[in-house]
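The values are calculated or read from the model by the stated rules, or taken from the named source; none is laboratory data. Just so it is clear, the model here is predicted, and its values are computed rather than measured. Quick reminder, even Gly has a Cβ in these numbers, built from the backbone with ideal geometry, and neighbours come from all protein chains shown. Quick note on the areas: whole protein, heavy atoms, side chains included, nothing else; ligands and nucleic acids left out. Shrake-Rupley method; radii C 1.70, N 1.55, O 1.52, S 1.80 Å.
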Amino acid sequence: MRTMGGRHLRRSVLALLLEAFPESVSGERMACRLQVSRVAVWKVIQSLREEGFPVAASRGGYRLLELPDVFDPDFLEPYLGSAVSGIRVVYENEVDSTNTRLKTLAEEGAPEGTLYIAERQTKGRGRRGRSWFSLPGKSLTFSVLLRPSLPPAACPSITLLAGLSLAQALEDLGFCPELKWPNDVLLGGKKVAGILLEASTDLDMVAFLVLGVGVNVSLERDDLAGLPFQATSLSVEGGQPLPRVAVLRQFLARFFTAYRKWETTGDFTPWIPEYHRRSPFLGHPVTIFLGEDQVSGIARRVDGSGALWIAKGSEEQRIHWGEIG
Ligand code: BTN
């Protein structure tokens with residue numbers, strides 16, 4: 001019989017600790033499940049503890065004391081896999097931008113469901129050529145690769161779908177977020193998360209989409225003070241720390257459930273009521289910035305393509321892209 005060793009064993013031990021969390025699992029049971037000796041399990045536990053994983057040992061066995069807030073794929077893949085299937089994690093401590101890196105992997109043929117996550121971005125990118133501020137240990141910055149069989153015209157609405165999924169995930173975690181078209185997520189009127197969608201097309205079809213998401217999880221007021229817009233974080237609003245991995249898992253669970261339905265048509269219509277319910281700017285005067293230009297009117301609704309309709313006197317105008325000022 002071939003026995004399990006090295007990386008595979010480390011990953012399986014982490015998966016069993018997670019499966020039992022917050023309870024403990026005995027060394028004997030782990031050894032039996034993994035077909036290795038109890039000493040082999042013990043050695044892995046020791047090295048996990050040396051790496052900083054919060055594992056307690058007692059007569060009842062081994063137990064994770066808290067959810068580790070780390071992006072190590074051996075931990076993250078089983079943790080995410082229990083909520084959403086088919087996620088493959090690529091992790092780097094420091095990158096220029098997870099979107100940039102994932103685009104390269106996509107061009108090399110990476111499959112749908114590849115998640116690129118980094119602790120630190122040195123050139124994090126926001127919409128309209130802006131930079132995205134993040135701090136290691138306090139921010140959640142990741143990108144997801146999607147390969148829908150749809151024409152490029154369907155793409156804009158997936159940004160709204162991602163924003164809505166993130167808002168719903170934050171609600172699941174006890175927050176009360178709002179959406180600002182097309183894809184900002186706000187708490188108390190301040191930006192807590194942003195989404196950057198980048199598309200590559202092949203003739204008249206989408207080749208791939210890179211959906212980049214940045215969430216201010218544990219940034220403090222001082223960290224956010226220098227930003228050119230009103231920003232907040234989950235810990236500032238919620239008053240207590242939250243593991244970034246819990247936010248990631250809830251978002252992916254919400255997003256992929258919606259995405260599986262969306263990718264069959266590319267039509268956002270089924271989600272319009274839920275989007276409207278979280279959009280306080282509707283019914284109010286807005287100014288939309290379109291590069292150098294701007295248009296003003298009363299925000300009316302979004303449509304199935306992700307466009308925003310605004311009323312100007314008795315006329316209505318459809319806005320495909322831009323940003324509410
Ligand atoms: C915005 O609101 O302007 C969009 C912000 C998107 C930031 C995320 S962080 C992860 C991914 N990598 C990037 O360089 N940008 C996106």
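Within region 291-320, which residues are free of Cβ contacts under 8 Å to residues at least 12 places away in the same chain, over 30 Å from the mean Cα position of the chain (by Cα) and assigned to a strand (DSSP E or B)?
Those that are free of Cβ contacts under 8 Å to residues at least 12 places away in the same chain, over 30 Å from the mean Cα position of the chain (by Cα) and assigned to a strand (DSSP E or B): ASP293, GLU315.
Scan region 200-258 for residues that are open to solvent by 30 Å² or more (accessible area, probe 1.4 Å), of a type in the set (Lys, Arg) and within 16 Å of the ligand (Cβ to nearest atom) and jot them down.
Of everything in region 200-258, nothing turns out to be open to solvent by 30 Å² or more (accessible area, probe 1.4 Å), of a type in the set (Lys, Arg) and within 16 Å of the ligand (Cβ to nearest atom).
Read through the list (1) at pLDDT 95 or above; (2) open to solvent by 10 Å² or more (accessible area, probe 1.4 Å), then give the number of the only condition that LEU308 fails.
Single failed check for LEU308: (2).
Every residue, every condition in (1) in contact with a Phe, Trp or Tyr (Cβ under 8 Å, 6 or more places away or on another chain); (2) in a helix (DSSP H, G or I); (3) at pLDDT below 95, yes or no:
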residue	(1), (2), (3)
LEU219	no, no, no
SER235	no, yes, no
PRO241	no, no, yes
VAL247	no, yes, no
ARG254	no, yes, no
THR265	no, no, no
HIS276	no, yes, no
PHE289	no, no, yes
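Could you figure out which of (1) of a type in the set (D, E, K, R); (2) farther than 14 Å from VAL144 by Cβ; (3) near the ligand (Cβ under 10 Å from one of its atoms) isn't true of GLU119?
GLU119 satisfies every listed condition except (3).
Go over the candidates GLU94, GLU51, GLU108 one by one and state the one that is under 22 Å from GLY124 (Cα atoms), free of Cβ contacts under 8 Å to residues at least 12 places away in the same chain, of a type in the set (Asp, Glu) and open to solvent by 20 Å² or more (accessible area, probe 1.4 Å).
GLU108
Mind listing whichever residues of region 122-173 are of a type in the set (Val, Ile, Thr) and open to solvent by 50 Å² or more (accessible area, probe 1.4 Å)?
Correct list: THR122 only.
To keep it simple, each residue is scored yes or no on (1) in contact with a Ser or Thr (Cβ under 6 Å, 6 or more places away or on another chain); (2) touching a residue at least 40 places away in the same chain (Cβ under 8 Å); (3) within 29 Å of GLY86 (Cβ to Cβ); (4) loosely packed, with under 12 Cβ neighbours inside 10 Å.
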residue: LEU9; (1), (2), (3), (4): no, no, yes, no
residue: SER12; (1), (2), (3), (4): no, no, yes, no
residue: LEU17; (1), (2), (3), (4): no, yes, yes, no
residue: PHE21; (1), (2), (3), (4): no, yes, yes, no
residue: GLU28; (1), (2), (3), (4): no, no, no, yes
residue: SER58; (1), (2), (3), (4): no, no, no, yes
residue: LEU67; (1), (2), (3), (4): no, yes, yes, no
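Look through region 178-199, keep the residues that are outside any strand (DSSP E or B) and open to solvent by 10 Å² or more (accessible area, probe 1.4 Å), and return whichever of them is nearest to the ligand (Cβ to nearest atom).
Residue satisfying both the conditions and the ranking: PRO182.
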